[in-house]
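Chemist: Before I ask anything, let me first share the structure, which is written out below as structure tokens.
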């Protein structure tokens, strides 16, 4: 059973968070919008950007990125909810768990495919939402791993929500470990530029 913030253990869980905590995480993110020992990793060289997949989408050539790549590694959560000690959390913040073949997309313009979950809707439009790996994430009780979703902030204004189908978003992909009130809320973010809607 995943420890609560008041139940410490020596071994932080690698399992997804419980459903209640995931709902709390989504609520925390929405409120934020409204209110304005680590496993050793084998070093690997980042891929040559010339070999990274690119595609012409909506008239421009961008890197293509999906959760089959983003979710293809294990990420261990170290925060107040995982049962980690303050020392483990401090060490985790200094240790890079993101593989080089994912980090190579950091700060790059990409076309991302995923499922939308709005965090805030005003006048029928959302400028802050989650992009998830699949439709079972959250909606049907399956709790996502940290690398199975990302937080999107549209830089060009709100877009009409499109849910329950895969959609495509163009923007700048970012890798940042974001903490809110002691909880790790996201490791991937995106500055959204063009929401293209349903994937062709």
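Any read-out appearing in this document is the output of simple, stated calculations on the displayed coordinates, not a laboratory observation. For clarity, every value in this text was computed on a predicted model and none was experimentally measured. Cβ coordinates were reconstructed from backbone atoms using ideal geometry, including for glycine residues, and neighbour counts include every protein chain displayed.
Chemist: Looking at region 179-200, which of its residues are over 25 Å from residue 124 (Cα atoms) and in a strand (DSSP E or B)?
Modeler: Residues of region 179-200 over 25 Å from residue 124 (Cα atoms): 179-188.
Result: 179, 180, 183, 184, 185, 186, 187, 188.
Chemist: Another one. Test residue 119 against the stated conditions and say whether it is assigned to a strand (DSSP E or B) and within 13 Å of the chain's Cα centre (by Cα).
Modeler: Details: assigned to a strand (DSSP E or B): yes; within 13 Å of the chain's Cα centre (by Cα): no.
In short, no.
Chemist: Is it the case that region 107-116 has a residue that's farther than 19 Å from residue 68 by Cβ and either crowded, with 19+ Cβ neighbours inside 10 Å or in contact with a strand residue (DSSP E or B) (Cβ under 7 Å, 6 or more places away or on another chain) (or both)?
Modeler: Within region 107-116, one or more residues are farther than 19 Å from residue 68 by Cβ and either crowded, with 19+ Cβ neighbours inside 10 Å or in contact with a strand residue (DSSP E or B) (Cβ under 7 Å, 6 or more places away or on another chain) (or both).
Chemist: Going residue by residue through region 91-99, is there one that turns out to be surrounded by 21 or more Cβ atoms within 10 Å (Cβ to Cβ), under 17 Å from the mean Cα position of the chain (by Cα) and more than 19 Å from residue 183 (Cβ to Cβ)?
Modeler: no
Chemist: How many residues are under 14 Å from residue 112 (Cα atoms), part of a loop (DSSP other than H, G, I, E, B) and touching a helix residue (DSSP H, G or I) at 6+ places or on another chain (Cβ under 7 Å) if we restrict to region 125-178?
Modeler: Matching residues across region 125-178 total 1.
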